[in-house]
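A.B. asks: Please read through the structure below; I'll follow up with questions.
The values are calculated or read from the model by the stated rules, or taken from the named source; none is laboratory data. Owing to the predicted nature of the structure, the values given are computational and were not obtained by experimental measurement. Don't worry about glycine lacking a Cβ; one is built from the backbone with ideal geometry, like all the others, and counts go over all protein chains shown.
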Amino acid sequence: YLLPALGHACIGGGEGSQQTQFHLTWSGGYGHAHADSLSLLLFSNGHELLSDLGYTHTAYRAWTLATAAHNTVVIDGQNQALGSRKAPTDGSLLGFDARSDRVQMVSADGIRGYPGLAKTYRRTLIVVEANHQQRYAIDHFEVSGGQTHDYFLHGDADVETCVSTQLELRPMESLLPKGLDWTATRNEGEAHRIAEPNYAYGFLRELHAATVPINEAIPVSFRATIGKGPGLRVSIMPEDGSQLITGVNPAIRPAGEDDSKLDQFNRPFILLRREAKDRTSNFISVIEPYEEEPFLTSVERISLPDGAIAVRVAIGDRTDIIVIGAQTGVTIPAGQNFVRFRGDYGVMSLRGEAIEHAFSLGEGGWTSENFRLASTGLRSMPLQAMESGKLVLAATSLPAPEKNDVVRVVTSDGWVYPYTLVAAETRGDQLWLTVGEGPGFQFDAQKQHMQFASFPQREHSGAVRVEWTTRAER
């Protein structure tokens, strides 16, 4: 599901206690907020395997607010901006599709979280169904700006959990800069200290580090210390200049609101640190929650030109190929043959040489010797008017958006407001769009002025466009 006004999406599937949910948030901060833009939460098999500590009332409230306490990327040890009405931190939805059980995706931009520092800050999650009750996700986090990029994943905060890897881990004294005199916060009133650069890293302890091979899939596992319980395997694919760090940090929840117990309960974390030195970092992981044993046979990153990202995943005799950002088209070996993909996001599943399923979003599609799946690209049209709560566009010969498509209202100053389409109706030379959430704004076409009715009553001047992207699946 998508909560567009909030800036939150949930994708996944399954039923009952075996369901899997990947949550992504890009909401802004207006007081009651954490520094958590593009943070991920994973709930699977009855457990919060990648956790968000939520709101707490303890002496360590500062830690729960910190960007480093969330499953996101920290730049140069700095906290994201908490946001305000005058300096908003809202992210932008780039793409969302959850109409199929086989493949679901969400992509968002969170650059406002690091004003003046981040040049690129966007995350894409693609969830692929392995079988009726199991699914995995490709996580791609692209970051540029600053010198050091830290990709955090935090384990279960409710169940005692440990991290394991085949890499040789060596003790690490601290992640704090040399000379920084760190003391823990003593009460909620000191939560403001989280704005101090690197302060949050003082809560990270029992540290170990390992050098990592480049572009290989390195499995790291989160597993309950006692009992069999559900587990999580994350296959990370580091770039050059990367280091894997493991450790623990305050779990907060098991202590209740008893400050004397805060240091008794920990949750594990992994941190993939890259010294980017003004370069773009692409953090790529395959996230695999499981009930008893991991189910993926192998994970491999495919080397592609022009910045495209591709991963090959084997599940028994099935092979999945996942591609992100192949604007110029890429050719990929598939068994004894080759497949070609062009588009924003693509997933293909094969058994042997036979194509079992294909998904494409964005202009292009999949082609092979005996197969073709075409998808059209971004559609963008000016908003002409608002009539009876409907978005009015000029009629077009291009494919109109379909029911349950996500349409994005985009302003000239770069704000994005997504809506879920209920109906598209052609009336004479106009196309009327009914959206499920209700637009929530007034639009004066003559003055090119747009104003929202609800908080924070944002206003925009200039042209407004409505965009949507078509998909194809077979």
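A.B. asks: Would you pick out the residues in region 299-348 that are among the hydroxyl-bearing types (Ser, Thr, Tyr) and in contact (Cβ under 8 Å) with a residue 60 or more places away in the chain? So that I can check it myself, show each step before the final result.
C.D. replies: Keep residues of region 299-348 that are among the hydroxyl-bearing types (Ser, Thr, Tyr), which gives 303, 319, 328, 331, 345.
Passing the criteria: SER303, TYR345.
Condition check ((1) buried (at least 22 other Cβ atoms within 10 Å of the Cβ); (2) modelled with pLDDT under 95; (3) in contact with a Gly (Cβ under 9 Å, 6 or more places away or on another chain)) across all residues:
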| residue | (1), (2), (3) |
| --- | --- |
| TYR151 | yes, no, no |
| SER164 | no, no, no |
| GLU168 | no, no, no |
| GLY179 | no, yes, no |
| ALA195 | no, yes, no |
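A.B. asks: Could you please let me know if ARG471 is within 24 Å of TYR1 (Cβ to Cβ), touching a residue at least 60 places away in the same chain (Cβ under 8 Å) and either surrounded by 12 or more Cβ atoms within 10 Å (Cβ to Cβ) or in contact with a helix residue (DSSP H, G or I) (Cβ under 7 Å, 6 or more places away or on another chain) (or both)?
C.D. replies: Values: within 24 Å of TYR1 (Cβ to Cβ): yes; touching a residue at least 60 places away in the same chain (Cβ under 8 Å): yes; either surrounded by 12 or more Cβ atoms within 10 Å (Cβ to Cβ) or in contact with a helix residue (DSSP H, G or I) (Cβ under 7 Å, 6 or more places away or on another chain) (or both): yes.
In short, yes.
A.B. asks: Can I ask one more? Exactly one of these conditions fails for GLY29: (1) within 26 Å of ARG233 (Cα to Cα); (2) more than 17 Å from the chain's Cα centre (by Cα); (3) part of a loop (DSSP other than H, G, I, E, B). Give me its number.
C.D. replies: GLY29 satisfies every listed condition except (1).
A.B. asks: Report every pair of residues separated by at least 6 positions or lying on different chains whose Cβ atoms are under 9 Å apart, first residue within region 418-435 and in contact (Cβ under 8 Å) with a residue 60 or more places away in the chain and surrounded by 13 or more Cβ atoms within 10 Å (Cβ to Cβ), second among the acidic types (Asp, Glu) and not in a strand (DSSP E or B).
C.D. replies: Here the result reads PRO418/GLU437; TYR419/GLU437; THR420/ASP405; THR420/GLU437, each pair linking region 418-435 to a residue that is among the acidic types (Asp, Glu) and not in a strand (DSSP E or B).
So that you can scan it fast, the table gives a plain yes or no per residue for (1) in contact with a strand residue (DSSP E or B) (Cβ under 8 Å, 6 or more places away or on another chain); (2) not assigned by TED's automatic domain parsing to the domain that holds VAL220; (3) not in a loop (DSSP other than H, G, I, E, B):
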{"site": "GLY83", "(1), (2), (3)": "no, no, no"}
{"site": "PRO88", "(1), (2), (3)": "no, no, no"}
{"site": "ASP101", "(1), (2), (3)": "yes, no, no"}
{"site": "SER107", "(1), (2), (3)": "yes, no, yes"}
{"site": "LEU117", "(1), (2), (3)": "yes, no, no"}
{"site": "ALA137", "(1), (2), (3)": "yes, no, yes"}
{"site": "VAL163", "(1), (2), (3)": "yes, no, yes"}
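A.B. asks: Suppose the filter is of a type outside the set (Ser, Thr, Tyr) and either out of contact with any helix residue (DSSP H, G or I) (no Cβ under 9 Å at 6 or more places or on another chain) or not assigned by TED's automatic domain parsing to the domain that holds ARG122 (or both); does PHE265 pass it? Reasoning before the result, please.
C.D. replies: Values: of a type outside the set (Ser, Thr, Tyr): yes; either out of contact with any helix residue (DSSP H, G or I) (no Cβ under 9 Å at 6 or more places or on another chain) or not assigned by TED's automatic domain parsing to the domain that holds ARG122 (or both): no.
Taking the combined requirement at face value, the residue does not satisfy it.
A.B. asks: Given (1) of a type in the set (A, V, I, L, M); (2) more than 30 Å from GLU196 (Cβ to Cβ); (3) in a loop (DSSP other than H, G, I, E, B), identify the lone condition not met by LEU93.
C.D. replies: Condition not satisfied by LEU93: (3).
A.B. asks: Follow-up. If you go through region 109-116 one residue at a time, do you hit one that is over 22 Å from TRP468 (Cβ atoms) and in contact with a helix residue (DSSP H, G or I) (Cβ under 6 Å, 6 or more places away or on another chain)?
C.D. replies: No, every residue in region 109-116 fails to be over 22 Å from TRP468 (Cβ atoms) and in contact with a helix residue (DSSP H, G or I) (Cβ under 6 Å, 6 or more places away or on another chain).
A.B. asks: On to the next question. Kindly provide the set of residues from region 32-56 that are among the aliphatic types (A, V, I, L, M) and crowded, with 19+ Cβ neighbours inside 10 Å, ordered by number.
C.D. replies: Pass one, region 32-56, residues among the aliphatic types (A, V, I, L, M): 33, 35, 38, 40-42, 49-50, 53.
Passing the criteria: ALA35, LEU38, LEU40, LEU41, LEU42, LEU49, LEU50, LEU53.
A.B. asks: Then there is this: Being part of a strand (DSSP E or B) and of a type outside the set (Gly, Ala, Ser) is the filter here, so list the residues in region 451-474 that pass it.
C.D. replies: Across region 451-474, the qualifying residues are GLN451, PHE452, GLU459, HIS460, VAL464, ARG465, VAL466, GLU467, TRP468, THR469, ARG471, GLU473.
A.B. asks: OK, next. Looking at region 16-31, which of the residues that are touching a strand residue (DSSP E or B) at 6+ places or on another chain (Cβ under 9 Å) and more than 15 Å from GLU288 (Cα to Cα) is surrounded by the fewest Cβ atoms within 10 Å (Cβ to Cβ)? First the steps, then the outcome.
C.D. replies: Filtering region 16-31 down to residues touching a strand residue (DSSP E or B) at 6+ places or on another chain (Cβ under 9 Å) leaves 18-27.
Checking which are more than 15 Å from GLU288 (Cα to Cα) leaves us with 24-27.
Working: LEU24: 26, THR25: 23, TRP26: 27, SER27: 20.
Out of the qualifying residues, it is SER27.
A.B. asks: Now a separate question. Taking the options GLY362, GLY414, GLY346, name whichever one is outside the structural domain of ASP139 (by TED's automatic domain parsing), at positive phi, under 28 Å from the mean Cα position of the chain (by Cα) and modelled with pLDDT of 95 or more. Spell out how you get there, then give the answer.
C.D. replies: Values: GLY362 fails: modelled with pLDDT of 95 or more; GLY346 fails: at positive phi.
So the residue among GLY362, GLY414, GLY346 that is outside the structural domain of ASP139 (by TED's automatic domain parsing), at positive phi, under 28 Å from the mean Cα position of the chain (by Cα) and modelled with pLDDT of 95 or more is GLY414.
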